[in-house]
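Quick notes on the structure that follows.
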Amino acid sequence: MRALVIQHDHVSPPGPIGDRLRHHGIDVDHHEIVPAERFATPGVTTQFPSLANDDLVVIMGAPWSAYDVDLIGSWLLPELDLIREADARGIPILGICFGGQLISAALGGSVARAERPEIGWVSIETDDPSWVPEGPWFQWHFDCWTMPPDAREIARDEVASQAYLLRQHLAVQFHPELTVEMLAGWLGNGGDVAAVKAGFDPAVLMEDTIANEEAARQRAYDLVDSFLAHNGLGEKSQVNL
C-alpha cells in the first residue's frame with residue numbers, strides 16, 4: 001500500500017501520522033511544496049505526483065489560508081484539483097487543519113476567517129470517541145470551514161467544527177501530528193509573533209506541549225488506526241467502525 005503525504009512548508013511534517021502509516025506497512029510518498037528558502041514568498045510552482053498508485057492521501061497543515069489565491073494560487077488551485085481527482089477515484093483523504101479546509105474548499109464547502117483564533121491544547125466535544133477522542137488536541141487556526149454537502153460532523157468546540165466525515169474522507173481542524181520539535185519550528189518561523197498578537201503566550205504553548213506530547217502521540221496513532229480501518233487499509237482493516 002502507498003500513501004501520498006502533501007507537506008506544504010518545511011516546518012509542518014507528518015510526524016506521528018507518518019510514523020503510524022509506516023507502522024501499518026504503508027509506503028509514504030512525501031511531497032513538500034514550499035521549501036525553507038521560499039517560506040516568505042510561497043508562490044512556488046510544483047508538480048504533484050500521479051495518484052495512479054496511491055491508496056490514500058494525507059494533506060498536512062500550513063501557515064496560509066485556503067482562500068489566499070493571490071499568494072499561493074500557483075499550487076493551491078492545482079492541489080484543489082488533486083483533491084477532486086482523489087475523491088472521484090475513491091481514494092481516501094485525511095485532511096489536517098489547512099488540509100481539512102482544502103477538502104471543504106474543493107468539494108462544495110467553504111473556508112472563511114473564524115470569529116476568533118484558536119491556539120493551544122483544547123478538549124473537544126465528540127460524537128464518536130472511537131473516531132476522534134475528546135483530546136486534548138493542539139489547535140492553531142485563524143480560519144474555519146463550512147462543511148461540504150453530505151458531510152457528517154463528528155466533533156466540534158465553541159470556536160469551530162473540529163472533524164467531519166465525507167464519504168471515505170476525514171477532515172480534522174486540530175493538529176494530531178504536533179510534536180515539541182514541530183512547535184519549535186512553527187514558533188521560530190514567525191509563529192511566536194502571531195501567537196502573541198493573538199493573545200497567546202509561546203512559552204505556555206511549549207510548556208503544555210511538552211506535558212501533552214506522549215499522550216497526544218498515542219491519540220494520533222489511534223486516529224490513523226480508525227481512519228485506515230474505516231477504509232479497509234492497514235493492519236486493523238478488519239475492525240468494523
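Just so it is clear, none of the values below were taken in a lab; they were calculated from the coordinates. The structure presented is a predicted model; accordingly, all values stated were derived computationally and were not measured. Quick reminder, even Gly has a Cβ in these numbers, built from the backbone with ideal geometry, and neighbours come from all protein chains shown.
Just to be sure before I move on: is L102 of a type outside the set (D, E, K, R), part of a helix (DSSP H, G or I) and crowded, with 22+ Cβ neighbours inside 10 Å in the structure I sent?
Yes.
The conditions are (1) of a type outside the set (S, T, Y); (2) in contact with a Leu (Cβ under 8 Å, 6 or more places away or on another chain); (3) surrounded by 15 or more Cβ atoms within 10 Å (Cβ to Cβ); (4) over 23 Å from W186 (Cβ atoms), and R89 fails exactly one of them. Which is it?
(3)
Within the stretch 152-193, track down each residue that is in contact (Cβ under 8 Å) with a residue 60 or more places away in the chain, small (G, A, S) and surrounded by fewer than 18 Cβ atoms within 10 Å (Cβ to Cβ).
Once the filter is applied, which keeps residues that are in contact (Cβ under 8 Å) with a residue 60 or more places away in the chain, small (G, A, S) and surrounded by fewer than 18 Cβ atoms within 10 Å (Cβ to Cβ), the stretch 152-193 yields G185, G188, G190.
I'm trying to understand the selection: among the residues of the stretch 82-135, which are among the charged types (D, E, K, R), touching a residue at least 24 places away in the same chain (Cβ under 8 Å) and farther than 12 Å from A163 by Cβ?
Within the stretch 82-135, E85, D87, R89, R113, E115, R116, E118 qualify.
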